[in-house]
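K.L.:
Can you read through this structure? Questions will come right after.
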């Protein structure tokens, strides 16, 4: 019976063992997602209705606020990678009178390897009040680029085990809101909740409004998308 030379036999055996070892030792990793996919995830996690009713019950000083967010379309898309949302916040006792309205542009940020959420203050807020209550396929959910208004601030979100975590730039964002000239925010976003640390600071660097000892704790009422 013909046999392989001794050196060839050893080479085959070692190659086989190395192949098996690598296969066994290969770590289990999370599925790879692109920044574009992560932008879609962030948009889905933001979409829907959340409120702070549970926090208001536990803490009588905490406001009961509802935040409503929905997806919109632009008549002339500025960036094919961007997802646009409309978001409003209102006291739960007066949902038809939102005190804060924003358009959000969710897009990949390759430079920071994160998802950027850029907020815009609408030029005519009253026009968009209750927008998310209108049919998703309604022409009213389509807005012009000029309707977005003035850019306010950016938050950069990175994927973590629980969802996404993000912050404003280190120096915050310039503002002129209730005595604040600079605003900062820290966000923790999951499929069931969003905690935010909105803060406003005056010219002396003193905090004049916003979260102090605890975050604003929004809990989901309606799921806008699954992660």
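Each reported figure results from applying straightforward, stated rules to the coordinates on display, with no laboratory input. Just so it is clear, the model here is predicted, and its values are computed rather than measured. Cβ coordinates were reconstructed from backbone atoms using ideal geometry, including for glycine residues, and neighbour counts include every protein chain displayed.
K.L.:
Any idea what log10 I(q)/I(0) is at q = 0.08, 0.17 Å⁻¹ for segment 35-222, Debye with uniform C-alpha scatterers and no solvent?
P.N.:
Debye intensities relative to I(0), on a log10 scale: -0.24, -1.23.
K.L.:
Further question on the same structure: Once a ≥ b ≥ c are taken as the square roots of the eigenvalues of the Cα gyration tensor of segment 117-227, is the result rounded (a/c under 1.5), prolate (a/b larger than b/c) or oblate (a/b not larger than b/c)?
P.N.:
Oblate shape, in that a/c is at least 1.5 and b/c is the bigger or equal ratio.
K.L.:
Starting with the fewest neighbours, write out 134, 159 ranked by other beta-carbon atoms found within 10 Å of each beta-carbon. Before the final figure, lay out each step's value.
P.N.:
Values: 134 13, 159 19.
With the sparsest Cβ surroundings first, the list reads 134, 159.
K.L.:
When only Cα pairs under 8 Å and 6 or more residues apart are kept, what is the percent relative contact order across segment 35-222?
P.N.:
Relative contact order of segment 35-222: 19 percent.
K.L.:
Decide, for segment 54-155, between rounded, prolate and oblate: order the square roots of the alpha carbon gyration tensor eigenvalues as a ≥ b ≥ c, take rounded if a/c falls under 1.5, and otherwise choose prolate if a/b is larger than b/c, else oblate.
P.N.:
Verdict is oblate for segment 54-155.
K.L.:
Please work out the Cα center distance from segment 123-139 to segment 145-161, rounded to the nearest Å.
P.N.:
Spelled out, the Cα-based centre of one part sits 19 Å from the other.
K.L.:
Turning to a different aspect of this structure: So what is the relative contact order for segment 133-199, in percent, with contacts set as C-alpha pairs under 8 Å and at least six apart?
P.N.:
Values: 88 pairs, mean separation 14.3, N = 67.
Answer for segment 133-199 is 21 percent.
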